[in-house]
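First the structure, in the form of structure tokens, and then the observations on it.
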Amino acid sequence: MGFATEFNSVCKFKSQQELYELLEYGRGKMVKSGFRVFPAGQKVIAYSPSNEAIAIVKIIASIAEINFQGEEITQVEMELVRRLSEEEARVQTALAHEMFFGERA
């Protein structure tokens, strides 16, 4: 058992439904496997499951726990600050592919 630290500028959604709820309601939650540390109180760039920059979000809480199935998970609660403009999204996506996700083919 151990904690993995997330990049302080990246919040990548694995579920399209979780991303939809954040964009639709302005607040949302994402569940990650394993114990992780997210920077509560900081603003970060949110990425879609396809690694596209979408929005700026503020991390409200990061809760690590063992669920009823015995799995280590982290729930990350956040609020939408704003969606990125088309140009901002393009630049942030390109940078993230180079720095975090691997270059595009």
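Bear in mind that the values in this text are calculations on the coordinates, not laboratory data. Treat the numbers as computed from the prediction; the structure is a model and nothing was measured. Glycine gets a Cβ as well: all are built from the backbone with ideal geometry, and neighbour counts include every protein chain shown.
What do you get for chymotrypsin sites (Phe, Trp or Tyr not before Pro) in the stretch 14-93 restricted to DSSP loop and a cutoff of at most 13 other Cβ within 10 Å of the site's Cβ? Show your work: numbers first, answer last.
Numbers: sites: Y20, Y25, F35, Y47, F68; in loops: F68.
For chymotrypsin sites (Phe, Trp or Tyr not before Pro) across the stretch 14-93 that sit outside H, G, I, E and B with at most 13 neighbouring Cβ atoms in 10 Å, the list reads F68.
Taking springs between alpha-carbon atoms closer than 10 angstrom, which of G28, G70, G41 fluctuates most in the Gaussian network model of the chain?
G70
With everything on Cα atoms, drop me the angle between helix 86-96 and the longest principal axis of the chain, reported from 0 to 90° to the nearest 10.
Helix 86-96 sits roughly 60 degrees off the main axis of the chain.
Can you tell me the orientation of helix 16-25 relative to the chain, as the angle in degrees between its alpha-carbon axis and the longest Cα principal axis, to the nearest 10?
Roughly 80 degrees between the two axes.
Count the lysine pairs in the chain whose Cα atoms lie under 15 Å apart, taking only pairs 8 or more positions apart in sequence or on different chains.
Eligible lysine pairs with Cα atoms under 15 Å apart amount to 9.
Can you bin the stretch 40-105 into rounded, prolate or oblate? Criterion: square roots of the alpha carbon gyration tensor eigenvalues sorted a ≥ b ≥ c, rounded for a/c under 1.5, prolate for a/b above b/c, oblate for the rest.
Values: a/c = 3.04, a/b = 1.60, b/c = 1.90.
In terms of gyration-tensor shape, oblate.
Which whole-number percent gives the relative contact order of the chain, counting Cα pairs below 8 Å spaced six or more residues apart? Present the calculation step by step, with values, prior to reporting the outcome.
Working: 208 pairs, mean separation 27.2, N = 105.
Result for the chain is 26 percent.
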